[in-house]
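Quick notes on the structure that follows.
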Amino acid sequence: MARPSCSIGVGVMVVLVLVALAGGSSAQLSASFYSYSCPGVLDVVKGGMQSAIAQEKRIGASIVRLFFHDCFVQGCDASLLLDDTPSFQGEKTATPNNGSVRGFEVIDAIKSAVETICPAVVSCADILAIAARDSVAILGGPSWDVKLGRRDSRTASFSGANNNIPPPTSGLANLTSFFAAQGLSQTDMVALSGSHTIGQARCTNFRAHIYNETNIDGGFAMMRQSGCPSTSGSGDSNLAPLDLQTPTVFENNYYKNLVVQKGLLHSDQELFNGGATDSLVQTYISSQSTFFADFVTGMIKMGDISPLTGSNGEIRTNCRRVN
């Protein structure tokens, strides 16, 4: 009778190990993941981002946004990079992404350069994670060691893209819930929203805020109305900077705008509107170093969302399609 009990014990241990591995995939990520298999990858990605930002500073913000929109749908698996085909629906045409996400060509170019030195080794998901970090650092923000070892998905989720990404009309409670669903705290949410210190937004995403809402500086609203017609369908893609002061420099001016009611999006101004996050906005105004530290923490946590590791997924050779 001893043998069966022994085999049962071993079986339980195997199950427990498998459960631990399945639940702790982010623990398999490591900043040194490519130290031997592709030691030049960090330099290649950084060079690619330096070149891209030299041509258009806005692209840095676009790459950070790509990373955010990727990680919030199926985790950080490069599913957003997959093109639609007659037999495959990707995420690019979902409402939060359609006509809005950009920077795919930059990732393509970096991936091609990485493939030249390390064929079929570095995932598109990791390239995007590194590129997002480099974008922030190049534009004046903090840097950090990016955890690596993600693999690329063979699937995408159109419905996930429509349902998981917080729209610019979100209130504070909804924003908090969207981030909590990804394991991110309210502090993470406020800090990560600080990425709006760089980049541009389309008129369609801030029209209601500048015409219909009262928690906005009157002069600022009029200025933005001059470039964003009130009629839906007219000027929808006209752009305005998310940070009124320095839209191509990564610092804490975004929060300074909020306390004088000059947040461009409804969701921006919700962070300072008499609610629970007002004090944190004030903290980030008085201490840029605290903002940077919390932003880095948030980016690392976001990069840990449901990565594919081990034998899951694949290493795409072309980020736009599965192998």
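If only the Cβ of Lys and Arg carry +1 and only the Cβ of Asp and Glu carry -1, the dipole of the range 172-302 around its Cα centre is close to 180 debye. Helix 104-117 and the longest principal axis of the C-alpha atoms of the chain enclose an angle of approximately 40°. Normalising the average separation of contacting C-alpha pairs (under 8 angstrom, six or more residues apart) by the number of residues puts the relative contact order of the range 124-268 at 28 percent. Projecting the Cα atoms of Pro247, Ile127, Phe67 onto the dipole axis of the chain, where Lys and Arg carry +1 and Asp and Glu carry -1 at the beta carbon, places Ile127 farthest toward the positive end. At the residue level, Ile216 shows approximately 20 square angstrom of accessible surface with a 1.4 angstrom probe and all protein chains present. Remark: the range 168-323 projects, on average over all directions, an area of 11.2 nm² (convex hull of Cα atoms). Computed with a 1.4 Å probe over protein heavy atoms only, the accessible surface of the range 129-264 comes to 38 Å² per residue. Using only alpha-carbon positions in the range 111-220, the gyration tensor eigenvalues give semi-axes of 32, 18, 15 Å once each is multiplied by 5 and square-rooted (largest first).
Charge dipole (Cα centre; +1 on Lys/Arg Cβ, -1 on Asp/Glu Cβ; no other charges) of the chain amounts to roughly 340 debye. Considering only alpha-carbon pairs that sit under 8 angstrom and 6 or more positions apart, the relative contact order computed for the chain is 25 percent.
Since only Phe104, Ile165, Thr116 are under comparison, the one whose Cα sits farthest along the positive direction of the charge dipole of the range 40-165, derived from C-beta charges on Lys, Arg, Asp and Glu, is Ile165.
Taking a straight line from the alpha carbon of Lys301, these lysines sit under 18 Å away, with near neighbours fewer than eight places off in the same chain left out: Lys147.
Mean sequence separation of contacting Cα pairs (under 8 Å, at least six apart), scaled by the length of the range 64-135, corresponds to a relative contact order of 33 percent. Only the Cβ atoms of Lys and Arg (+1) and of Asp and Glu (-1) were treated as charged; on that basis the dipole of the range 111-151 about its Cα centre amounts to roughly 140 debye. Estimated purely from DSSP H runs of n ≥ 4, each contributing -39500 (n - 2.57), the mean residue ellipticity at 222 nm for the chain is -15000 deg cm²/dmol once divided by its residues. Out of every Cα pair in the chain, what percent are spaced more than 37 Å from each other? For the chain, the fraction of Cα-Cα distances above 37 Å is 19 percent.
Placing a label point 7 Å from the Cα of Ala208 along the Cα-to-Cβ line, the residues of the range 239-275 whose backbone N sits under 16 Å from it are 264-271. The protection proxy used here, the mean number of other Cβ atoms lying within 10 Å of each residue, ranks peptides 85-96, 222-233, 305-316 as follows, highest first: 305-316, 85-96, 222-233. Helix 124-138 and the longest principal axis of the Cα set of the chain meet at an angle near 40°.
May I ask for the angle, rounded to the nearest 10°, between helix 203-212 and the longest principal axis of the chain, with both axes built from Cα atoms and the value confined to 0 to 90°? The answer is roughly 50 degrees.
When the P(r) is computed for the range 40-165, the part past 19 Å accounts for 45% of the Cα-Cα pairs. Note on Lys147: accessible area is roughly 60 Å² with a 1.4 Å probe, heavy atoms of protein only.
The values are calculated or read from the model by the stated rules, or taken from the named source; none is laboratory data. Note that the structure is a prediction, hence the values are computed from the model and not measured. Cβ coordinates were reconstructed from backbone atoms using ideal geometry, including for glycine residues, and neighbour counts include every protein chain displayed. What goes into the accessible areas is simple: the full protein's heavy atoms, side chains included, and nothing from ligands, DNA or RNA. Shrake-Rupley method; radii C 1.70, N 1.55, O 1.52, S 1.80 Å.
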